[in-house]
Amino acid sequence: MVLRALATLFVALVLAAPCAAQTGGKDERVRGERVQKPANIAIGVGHGIGFLPLFVAQELKLFDKHAITQGLSGRVVLRRFQSAAPMRQALSKGEIAAGPYGLPAFLLARDAAWRTPQELLAVSGLTTLPLVLLTARPDIRVLSDIKPADKIAVPMLTAPQVAYLRMQTNPWFGGRDRLLRQLVEMPHQESVEALTGGKGVAAYFSSPPFTQIALRDPKIRAVTTSADMIGGKASFLVMASTRATLNAHPKLPGVLAKAIDEASAVIRKEPRRAATIWLKWEPSHTLDARAVEGILRDLKDEFGSGVFGIEATADYLRRDNRLKQGVFSWKDVVAPAIAAGEGS
């Protein structure tokens, strides 16, 4: 009886061994797949129509498409931030692979970390949306008509609008101190309401779609634009990465630039579709899909991966003693993958 029981147990163990081996092999494969699965590559975004190419690329899976063709190991995903400071902190820590900057902020951040792993390079443009200085006052026709007591609304004191105004301080505002006393930090919608209602501000340095919203009022008109101030079009936003991140993901700039350009083509050719996507990401109580479509038709050529205005902005910052390292060409501050594209 004992021998028979031992024999039965032996047979059971022999039969179970292949199953255990198969199960163990399956577990090992699962663990291997879990280890080998590429991690997400997060890209920082904020709020505003300037981020539309990224929203379109995400919705239409263009990042996935170009990641596969470019051989990028990882899936590009968007991570939203409410303000610039936490986004830039996340970028410096490597928590995100790229994030948006205005041109002056990008050049100053790059300069501060020059020749370190945290040095920034532009990996793609996003948009050259024009910034427009608006007024409702009939006596303000040009910048020099703005008097020392007049207030100018800007979205933030670190916004690109402030940099463009600072470029004009010598000829028009009599110095930086006077300009700073005239600036009022105010959210866009409040600025529109203050301007149209004639309450407290003489001018508002706007960006789309708030430019178009304000211009619905027949009293509102443009005084000048960022393009007038800089002598040509300039990037409103560029996507930037650190050198450390680009060493880890050298194919990322090519993926971003191609996805952004394809998304920008959708904006040009299918503005209603792009408007619907934007409203999904940025629900509005003021604008419907038809209104956004109209705005995008006006701005159809203002989106793409090109980086513009680098040289002019760097020249101003150098003359203002804020930039230590010279920038002789826009190609000096961009990833090689986009240096063959459009820029200035």
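Within region 299-328, being open to solvent by 30 Å² or more (accessible area, probe 1.4 Å) and over 19 Å from the mean Cα position of the chain (by Cα) holds for Glu311, Ala312, Asp315, Arg318, Arg319, Asp320, Asn321, Arg322, Lys324, Gln325, Gly326, Phe328.
Regarding Thr224, is this residue in contact with a helix residue (DSSP H, G or I) (Cβ under 7 Å, 6 or more places away or on another chain), over 20 Å from Gly304 (Cα atoms), hydroxyl-bearing (Ser, Thr, Tyr) and in contact (Cβ under 8 Å) with a residue 60 or more places away in the chain? Yes.
Scanning region 260-293 for residues that are assigned to a helix (DSSP H, G or I) and touching a His at 6+ places or on another chain (Cβ under 8 Å) yields a single hit, Glu262. Of these, Ala214, Ala222, which one is under 16 Å from Ile140 (Cβ atoms), surrounded by fewer than 19 Cβ atoms within 10 Å (Cβ to Cβ) and touching a strand residue (DSSP E or B) at 6+ places or on another chain (Cβ under 8 Å)? Within the list Ala214, Ala222, the selection yields Ala222. In region 275-298, the residues that are open to solvent by 60 Å² or more (accessible area, probe 1.4 Å) form Cβ pairs under 7 Å with partners that are among the aliphatic types (A, V, I, L, M) and not in a loop (DSSP other than H, G, I, E, B), at six or more places apart or across chains, as follows: Thr276/Ala289; Thr286/Ile213. Of the listed requirements (1) surrounded by fewer than 22 Cβ atoms within 10 Å (Cβ to Cβ); (2) at negative phi, Met239 misses just one: (1). Given the criteria under 20 Å from the mean Cα position of the chain (by Cα) and at pLDDT 90 or above, does Pro218 qualify? Criteria not met by Pro218. crowded, with 20+ Cβ neighbours inside 10 Å, farther than 30 Å from Ala289 by Cα and either at pLDDT 95 or above or touching a Gly at 6+ places or on another chain (Cβ under 8 Å) (or both): is that true of Ile96 in this structure? Yes. Checked against (1) in a helix (DSSP H, G or I); (2) more than 18 Å from the chain's Cα centre (by Cα); (3) modelled with pLDDT of 95 or more, Ala257 passes all but condition (2). From the list Gly341, Gly309, Gly326, Gly254, the lone residue that is within 28 Å of Leu165 (Cβ to Cβ) and either of a type in the set (Ser, Thr, Tyr) or touching a residue at least 60 places away in the same chain (Cβ under 8 Å) (or both) is Gly309.
Of all residues in region 290-341, those satisfying the criterion of being under 28 Å from Val255 (Cβ atoms) and of a type in the set (Gly, Ala, Ser) are Gly304, Ser305, Gly306, Gly309, Ala314, Ser329, Ala335, Ala337, Ala339, Ala340, Gly341.
Check whether at least one residue in region 121-133 is surrounded by fewer than 23 Cβ atoms within 10 Å (Cβ to Cβ) and of a type in the set (Val, Ile, Thr), and report yes or no. There is no residue in region 121-133 that is surrounded by fewer than 23 Cβ atoms within 10 Å (Cβ to Cβ) and of a type in the set (Val, Ile, Thr). Each residue in region 109-120 was checked for being assigned to a helix (DSSP H, G or I) and surrounded by 17 or more Cβ atoms within 10 Å (Cβ to Cβ), and 3 of them qualify.
The values are calculated or read from the model by the stated rules, or taken from the named source; none is laboratory data. Every value quoted in this text rests on a predicted model; they were computed, and no experiment measured them. So basically every Cβ, Gly included, is an ideal-geometry build from the backbone, and we count neighbours across all protein chains shown. With ligands, DNA and RNA removed, areas are computed over all heavy atoms of the protein, side chains included. Shrake-Rupley method; radii C 1.70, N 1.55, O 1.52, S 1.80 Å.
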